[in-house]
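Only one structure is covered here, and it is reproduced in the block below.
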Amino acid sequence: MMFRTLARGLLARLLFVAAGLAVAGCSDDGATSPTDPANMRSFDQVQRLGNPLVSEVLLQKADHPLHGSIGPDEDVALDGPRVLAFLTGPNSVAGRSANYANVLAGVLLPDMLIVQTDKDPGTAGWLNWVGVPPLANGWGGRKLTDDVTGLALLAVFGDPFGLDPQGAQGKSALTTDNVAFDSPGITPTFPYLAPPN
């Protein structure tokens, strides 16, 4: 009888301790709540990449921290002049006309991947959303197989819009990196990429 009473007492204490631990686990431990303004935290954005190679090709290395810290809503005002200087400036390797540079800046800024879901998904591809011939005015986005380096070089040194044949003259060797898509394969399931080769 005494053993039963001790066992019940011990069981009651264990249940009390377990209940206390459960309550402590559910209590407010001082963590911030995303809906409580008094406890909100802010974060600093340190990098942002939208269109492939926009910051890497069209902006000087010294401008990368600025580009990485602003949002797309500030791209035209802050990055636009830098992109135009790269394309048309007196020390520009691109040597493009102001008209062509303005069209290209209008296509690439703000620096976002554009996806138009009202278009045919079969037309997906980087720069395919642009309604300037010969580009497709298509779905947009980017396929894993897109040669974004080749497309970026073509946009900077070639004339994909048919607007600056004079500026593209003599630069055909610069419009490609001469590297074909060499992935061992794309898989139909996540993560879609084959193992590195």
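The values are calculated or read from the model by the stated rules, or taken from the named source; none is laboratory data. The shown structure was predicted, so the numbers you read here are calculated from the model rather than taken from an experiment. Neighbour counts run over all protein chains shown; Cβ positions are idealised from the backbone, glycine included.
With segment 1-112 as the region, which helices (runs of 4 or more DSSP H) entirely inside it contain at least 1 residues that are at pLDDT 90 or above and under 27 Å from the mean Cα position of the chain (by Cα)?
64-69, 75-78, 80-88, 98-108
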Legend entry - Residues of segment 57-75 satisfying the condition of being under 18 Å from residue 101 (Cβ atoms) and loosely packed, with under 14 Cβ neighbours inside 10 Å: 60
Legend entry - Filter result for residue 142 (of a type in the set (Lys, Arg), closer than 27 Å to residue 77 by Cβ, within 21 Å of the chain's Cα centre (by Cα) and surrounded by 16 or more Cβ atoms within 10 Å (Cβ to Cβ)): yes
Inset, instruction - Give the residue, chosen from 190, 161, that is within 13 Å of residue 96 (Cβ to Cβ), out of contact with any His (no Cβ under 6 Å at 6 or more places or on another chain) and assigned to a loop (DSSP other than H, G, I, E, B). - result: 161
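Can you work out which of the residues in segment 160-197 that are of a type in the set (D, E, K, R) and out of contact with any Lys or Arg (no Cβ under 9 Å at 6 or more places or on another chain) is surrounded by the most Cβ atoms within 10 Å (Cβ to Cβ)?
Restricting to residues being of a type in the set (D, E, K, R) and out of contact with any Lys or Arg (no Cβ under 9 Å at 6 or more places or on another chain), the top hit is 171.
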Inset, instruction - Working only within segment 111-137, note down all residues that are surrounded by fewer than 18 Cβ atoms within 10 Å (Cβ to Cβ) and under 24 Å from residue 73 (Cα atoms). - result: 112, 113, 114, 115, 116, 117, 118, 131, 132, 137
Inset, instruction - Considering every residue within segment 91-106, establish whether at least one is surrounded by fewer than 17 Cβ atoms within 10 Å (Cβ to Cβ), of a type in the set (S, T, N, Q) and over 18 Å from residue 158 (Cβ atoms). - result: yes
Inset, instruction - Scan (1) over 23 Å from residue 173 (Cβ atoms); (2) in contact with a Phe, Trp or Tyr (Cβ under 7 Å, 6 or more places away or on another chain); (3) touching a residue at least 24 places away in the same chain (Cβ under 8 Å); (4) not small (Gly, Ala, Ser) for the single condition residue 128 breaks and write down its number. - result: (3)
Inset, instruction - Any residue in segment 71-83 that's under 16 Å from residue 51 (Cα atoms): show its pairings with residues that are assigned to a helix (DSSP H, G or I) and of a type in the set (Ser, Thr, Tyr) at Cβ separation under 9 Å, as long as the two are six or more apart or on different chains. - result: 79/55
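Looking only at segment 160-173, count how many residues are within 25 Å of the chain's Cα centre (by Cα) and at pLDDT 90 or above. Show your work before the answer.
First pass over segment 160-173, keeping only residues within 25 Å of the chain's Cα centre (by Cα): 160-161.
Narrowing further to those that are at pLDDT 90 or above: none.
Qualifying residue count, segment 160-173: 0.
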